[in-house]
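Here's the structure, in structure tokens; my notes come after.
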Amino acid sequence: MSAYLKNEPEGIAKFNRIGTVSNVLFNLMFIVLSLTAVLPVVFVFIISVSKESAIQEFGYRLIPREFSWAGYIYLIEQGGVLLRTLANSLVVTVSGTVIGVLLTALIGYALSRQDYKLQKFFSWVVFVPMIFNGGLVAQYVVNTQMLMLKNTVWALILPMCVTSFNVIVTKTFFRLTIPDSLIESAKIDGASQFGIFARIVLPLSLPVLATIGLFLTFAYWNDWWLSMLYIDDPNLYTLQYFLNKLMADITMLSKMAATGNASQLELLAQMPKESARMAVAMVIVIPIACAYPYFQKYFISGLTVGAVKG
Amino acid sequence: MTKVQTRAVKKRFWSKDDTELTVMALPSFIWYVLFCFIPMFGVILAFKDYRISGNFFKSMWDSAWVGINNFKFIFASPDIWMIIRNTLGYNAVFIVLNIVVPVILAIIISQLRSKRMGKIYQTAMFLPYFLSWVVISSLVWAFLSYERGLFNRMITDVGGEAVQWYMKKEFWPGFLVFMNLWKSLGYSMVIYLAAITGLDVSYYEAAVIDGASRLQQARFITVPLLKTVIILMFILAVGRIFYADFGLFYQVPRDSNTLYNQVYVIDVYVYKMLLNSTTGMASAAAALQAVVGCVTILTANWIVRKVDPESAMM
């Protein structure tokens, strides 16, 4: 099939190409589909750089009546709020990814050793949660009343750092790509399992670790669910949850940016609420939109690997 | 655990390697105990009138058993059938569309003459997959807001009357189906495309020599060869038919009370109950979902093993 995808196919492949008319029509269809996927994001960007008075008067427009960076400038001037939520998001994303990759790789390696005596037992430990879970209420009660995670940053990190899917992908990778002979010879040279893991397995497994790290990074950056469940303290808001709150109540921003002199009402009247709110959405989306085209292929390989049985 | 150990001991003694590997697996094991296995036993909450009286274990112990009363309450309310109908109904539509549309598009995109354009379309269509429902909710707001939304502005520009989109009941079922497809299309297309690019070219060459048209090739070669992947995706999705995408049903309609007949699915119901501190009913609904979900997943897996043993989970 790949022959069809080449620009200048030869022989039968050339004969078997689709007609020019259908090629044009199909291209048009995909252009429409691509625009449907991308335009809403562009539209929200346009709102974020529209002038507040124009939004108030004309509504959200695809072609803005007047440009203005006021929304972004306002966010920067308010500094504290945006910086705090941004810092929270970064801390959660980075530490969650690091902890998650480490835990996943460690148990994945143990599971990949066929002669390990608890291998069967731990395989079940990883497998059972894939088919049964205690349900939301039980998880909530355990996390808040036993582990006391409510209103701590750990509530945003721990509940999603390990997933059985990732563990199985990692285990499968270790088993398929790292030859037993390599590990055996290292053992004969007197290396401990820790040494083998750190010096042989990890360096050879960068592709799979990168893939899992990527999955986790996007999952943490995009998470609002854990905040919604466990966070009431505005100091721990992440960007996603901040935007969530802002969509429900546009005055959130001024409430959170309780500055000294000006009264609340006065602040509220002056601030570019609409554009600032969409600017927060853009602060979330722009890093993703810039990064994902480069990481796409790791995602695809990770997703298709998922079908491989461990 | 003891059983596993004794069996292992028969084979060979516990070695230094085993100790080291256990140390490595231990942190994740503790994680699994805390975040998966203890909550599993929390399912008994559904049979208790949970009252906080000190720490978790004490509260658990002290709370009175109420048998299946929590379940009786749920099934006494008329809402439950609407919620089950919504969850199953939406999921059924999602499952069909998430197979038919991406398979067709994947076949077409593999036929485009320009490989580069195909890649560009793929990348563009993949974008929504990486956006969270909170962000998507704000994108949707830009279109549907009553006062400023693009739709209403376009309607009023041509002299029409603005619509309260977030209260318009008949609009939402179709719109939610659209949003679900919008978010997942790029991703599912990529999965099928990966399968298509892996197919053997010689099938098509033989078909061309036999004079098969492009449509015939798609119908009699590509689709049959994709059958295993399609069946697999189908069954896996059916296994999760009792789980709904909370963000889609809660964030996108902005928790609108008017729409609750249209957007209440099990996950939203449980969350709302939890929010109102009606722990008993919430835990009963969650437990029900967990048990039924487990049954459907196991059944689905059993069928997968019949169809394609390689792809089964166990």
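Evaluate the Debye formula for the protein assembly as shown with equal point scatterers sitting on the alpha carbons, no solvent, and hand back log10 of I(q)/I(0) at q = 0.08, 0.12 Å⁻¹, in q order, two decimals. Taking Cα atoms of the protein assembly as shown as identical point scatterers yields -0.68, -1.45.
B:I235 sits among other residues whose Cβ lies under 14 Å from its own Cβ, and their net charge, with Lys and Arg +1 and Asp and Glu -1, is +2.
Leaving out ligands and nucleic acids, note down the accessible area per residue over the range B:72-311 with a 1.4 angstrom probe, in whole Å².
Values: 10470 Å² over 240 residues.
I get 44 Å² per residue for this part.
Selection among B:A244, B:V140, B:Q164 by position relative to the dipole of chain B gives B:A244 as farthest towards the positive end (Cβ unit charges, Cα centre). Listed cross-link partners A:K245/B:K183; B:K16/B:K58; A:K273/A:K297; B:K119/B:K169; A:K273/B:K272; A:K150/B:K48 are compared with a 32 Å cut-off, the Cα-Cα value being larger for B:K16/B:K58; A:K273/A:K297; B:K119/B:K169. Among the DSSP helices (H) of chain B, those spanning at least 18 angstrom by Cα along their long axis with an average Kyte-Doolittle hydropathy of 0.5 or more are B:79-111, B:172-197, B:223-239, B:279-307; this is a geometric and hydropathy rule only.
Is the range A:96-182 rounded, prolate or oblate when judged by the Cα gyration tensor, a ≥ b ≥ c being the square roots of its eigenvalues, rounded requiring a/c under 1.5 and prolate requiring a/b larger than b/c? Prolate shape, in that a/c is at least 1.5 and a/b is the bigger ratio. Helix screen, chain A: DSSP H segments with Cα axial length of 27 Å or more and mean Kyte-Doolittle hydropathy at least 0.0 are A:20-48, A:80-112, A:273-305. Between A:G71, B:V292, B:V23, the Cα set farthest toward the positive side of the dipole of the protein assembly as shown (charges on each charged residue's Cβ, about the Cα centre) is that of B:V23.
Given charges of +1 on the Cβ of Lys and Arg and -1 on the Cβ of Asp and Glu, with all other atoms neutral, how large is the dipole of the range B:133-228 about its Cα centre, in debye to the nearest 20? List each step's numbers first, then the result.
Values: 8 positive and 7 negative charges, 45 e Å.
Charge dipole of the range B:133-228: 220 debye, to the nearest 20.
Total Å² of accessible surface buried at the A-B contact, 1.4 Å probe, nearest 100? Before the final figure, lay out each step's value.
Numbers: alone 18690 and 20210 Å², together 28470 Å².
Adding both sides of the contact gives about 10400 Å².
Annotation: B:E170 carries an accessible surface of approximately 140 Å², with a 1.4 Å probe and no ligand, DNA or RNA atoms counted. Build a GNM of chain B with springs between Cα atoms under 10 Å apart, and of B:R254, B:R153, B:R85 the one that fluctuates most is B:R153.
The values are calculated or read from the model by the stated rules, or taken from the named source; none is laboratory data. Note that the structure is a prediction, hence the values are computed from the model and not measured. Methodologically, a virtual Cβ is constructed for each residue, glycine included, from the backbone with ideal geometry; neighbour enumeration extends over all protein chains shown. Each accessible area value is taken on the protein alone, full model and side chains, heavy atoms only, with ligands, DNA and RNA left out. Shrake-Rupley method; radii C 1.70, N 1.55, O 1.52, S 1.80 Å.
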